[in-house]
Structure formats: structure tokens, C-alpha cells
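Below: the structure, in C-alpha cells.
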Amino acid sequence: MTGFGRAEKNAGDKTFLVDIKSLNGKQFELQLKLPAFLKPFEFDIRRILSEKLSRGSVDCMISLKDTGSAKPVSINTDLAKAYYKPLAELSAALNLDASHILSTLVKMPEVITPSSDTLTDSDWQEFQQILETAIGNLNKHRLDEGKSLEEDLLVRINNIIKLQEEVIRLEPLRQQKIREGITRLLEENVGKENYDGNRLEQELIYYIEKIDISEEQVRLKNHCDYFKTLLAENEESKGKKLSFILQEIGREINTTGSKAYDSTIQKCVVLMKDELEKAKEQVLNVL
């Protein structure tokens, strides 16, 4: 979701500069700064930005560049008076010369504004093109960043798949170690001749089935494959879907860890969790 776009162009007798910056965000949040004469078009500008950018914390600043042509101006006397009192008090508190307050007042926002600044319908149409150019530049920046994110996410998911394959390889060895461990424990504490071998086999089968992780491994592999498939699709705004899939991947990893009862498999689970957390951090950047 991170990106920056800029566009500068003439619209009628005005030269507009549009800067748009986007950061990560779960929803669309907009901070918009624009000249006073564009206020009638504020809702249209917000709608365009929302439709084109979808998600993220967006900061858009629209400014009017000085074209060098002289225009009538109006002075907002009431606003100037409102600025004057706190400036005079600050000047007195700092023992500064108050004779320069006027030069400061005329530079304050909205004190002096061009009185003839209006936007005709044709100017508005031209301005929309400027705005959409800036949005297009931002989205191009997002796409460039997205390629790097895609590569990193694929690395994380492929690492999880490799570790999951190692877990599958270790699974038969784990069952054998459990069987040998219980048998040895009985022989040491009860004696080899003092327990029922058939009953032991029944209990072992029940116990091993209870901690079996084969279903979790099948679901984990399916989730990882689906994640890679969705990542490769050209669908817009799939960040939330990818995040949901990562939650399911995490659920299967956690269940594997709780059933493992094997130090080697637990190490694989820890490494998978590490890769998963890195993927979760990165997927927050995806629209």
C-alpha cells in the first residue's frame, strides 16, 4: 500500500501541483489539503481518491503554484485579528519587537486570498486529469513495491512447505520412538513378562491415532498451495484474503506443535512459525 505520486500541470490559467502519499492501513483514511476555491469539489476529490486507491492511510496535498500573473486579492480582516492577539502575546512573552507582526500576519493561512479564484467546468475536467495522473503514478509505485513483496511472500511460504515436508519425513520415526519409549518404560517398571502385549498394542494404536498429525499436514499443504495460487492471480484488493489464509496456516502449524511430542518436529514448528510471522508482517502491505 506504500507509494508516492506527483503531478503538475496547467488547468486554465492555474498551475496545480498534486502530491499523494500512501502508507499501510486496514481501511481507507484520507488527509486532504487543498486551496479554498477547491472546497466545492472536495467530496468529488475524496470520492475519486477512495475509488482509485482502495485502502491505506493517504495524505493528499493540492497546491496552486504562482504563475506570476497579478490578480485581485481579498483580506480576511476578522481572521487577521484572531491571529494578531496570540502573536502579540507571544511577542511580549519573548521580549521581541512587535513591529514585524504585520508581515507575519499576511503570511498566515487564508488571511490573503485571491478574490477572483474560481474553477470553471472545463478547468475542473482538466484538474481531474491532473489528479488521476498523480494517482496513476502512486499506483505504479505500489506495483513496483508489490513485486518485491510477492517475491518475499513466496520465499516465506516455500520455506514453510519445505519444513512441512521435513515434518512428514519425521512422522514415522516419531511413532517408532513413541512405541519404543513406552515399551521400555513398561519393561523397566513392570517387567517384560508382567504386561499384556496385545493390550499394549491396542493402547499404542489409540494413543498414536490421537496424536496423529497427517490431517494437519494435508490441510497445511493445501493452504500454502492456495496462498501461492491467489498470490499469482491478477485480482485487485486480495490482501485481506491472503491474511485469512495465513491465519489458517498458523492454525495448522499450532496444532502440529501441540500434537508433536518430538523435539525435532518441534524445531520445525518453531521455524515455520517464524516464517509465518514474517509473512504476516509483509501481507499487511498488500491491498
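Out of Ala92, Ala98, Ala80, Ala70, report the one residue that is over 20 Å from Leu17 (Cβ atoms), modelled with pLDDT under 85 and touching a Leu at 6+ places or on another chain (Cβ under 8 Å). Unique residue meeting the criteria: Ala80.
Within segment 224-273, the set of residues being surrounded by 15 or more Cβ atoms within 10 Å (Cβ to Cβ) and among the small types (Gly, Ala, Ser) comprises Gly239, Ser243, Gly250, Gly257, Ala260.
Report whether or not Thr133 is hydroxyl-bearing (Ser, Thr, Tyr), surrounded by 11 or more Cβ atoms within 10 Å (Cβ to Cβ) and closer than 24 Å to Gly3 by Cβ. For Thr133, the condition - hydroxyl-bearing (Ser, Thr, Tyr), surrounded by 11 or more Cβ atoms within 10 Å (Cβ to Cβ) and closer than 24 Å to Gly3 by Cβ - is met.
Per-residue answers, yes or no, for (1) part of a helix (DSSP H, G or I); (2) modelled with pLDDT under 90; (3) not assigned by TED's automatic domain parsing to the domain that holds Asn24:
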residue	(1), (2), (3)
Val218	yes, no, yes
Lys221	yes, no, yes
Cys224	yes, no, yes
Thr229	yes, no, yes
Glu235	no, yes, yes
Lys240	yes, yes, yes
Leu246	yes, no, yes
Glu252	yes, no, yes
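The values are calculated or read from the model by the stated rules, or taken from the named source; none is laboratory data. None of the values given here were measured: they were computed from a predicted structure. When we count neighbours, we look across all protein chains shown, and the Cβ atoms used for this are built from the backbone with ideal geometry, even at glycine.
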